[in-house]
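Structure first, commentary second.
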Amino acid sequence: MNLKQVKVSIIIPHHGGFNILNECLASLEKSTFKDFEIIVVDNNSQDNSMTKIKDRFPDVNILSLKKNLGYAGGCNRGAKESN
């Protein structure tokens, strides 16, 4: 397998809590492997964490859901949106 042809989709289900998501995305930002996309699936958070994430990480794809689909549901929706 030629690693230069590999693209990885990182799907992160989220339901509130800016700090832990911010730490996760900051860690991914430091990765030396760059051929990936990040999809944050927001399970209808009621805080303003997504606004902060959009400002801090403009290259992250955010999929905002109207209701909380839970961990598995969020991952499955993110997989459908992935490249």
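The values are calculated or read from the model by the stated rules, or taken from the named source; none is laboratory data. On a predicted model such as this, the values are computed, not experimentally measured, just so you know. Here Cβ is always computed from backbone atoms with ideal geometry, including for glycine, and neighbour counts include all displayed protein chains. Each accessible area value is taken on the protein alone, full model and side chains, heavy atoms only, with ligands, DNA and RNA left out. Shrake-Rupley method; radii C 1.70, N 1.55, O 1.52, S 1.80 Å.
Secondary-structure-derived ellipticity at 222 nm for the chain, considering helices only, amounts to -11500 deg cm²/dmol, per-run term -39500 (n - 2.57) for DSSP H runs with n ≥ 4.
Distances between placed amide hydrogens fall under 5 Å for residue 37 paired with 8, 9, 10, all partners being 5 or more residues away or on another chain. When a 1.4 Å probe is rolled over the protein heavy atoms, the share of accessible surface on segment 21-83 that falls to carbon and sulfur comes to 46 percent. With 22 Å as the limit on Cα-Cα distance, the pairs of 30/54; 34/66; 30/52 that go past it are 34/66. Please return the longest stretch of the chain lacking exposed loop sites, where trypsin sites (Lys or Arg not before Pro) count only if DSSP places them in a loop and at most 11 other Cβ atoms lie within 10 Å. In the chain, the maximal stretch lacking such sites is 35-65.
With coordinates expressed along the principal axes, the C-alpha atoms belonging to the chain extend over 42, 24, 16 Å, beginning with the largest.
Name the residue from 11, 32, 45 whose Cα lies farthest towards the positive end of the charge dipole of the chain, charges +1 on Cβ of Lys and Arg and -1 on Cβ of Asp and Glu. About the Cα centre, the residue reaching furthest to the positive side is 11. Full extension of the chain between residue 22 and residue 34 yields a length gain of 2.5 nm, computed as 0.36 nm times the residue separation minus the alpha carbon distance.
About its Cα centre, the chain has a charge dipole of approximately 180 debye under the convention of +1 per Lys or Arg Cβ and -1 per Asp or Glu Cβ, with nothing else charged.
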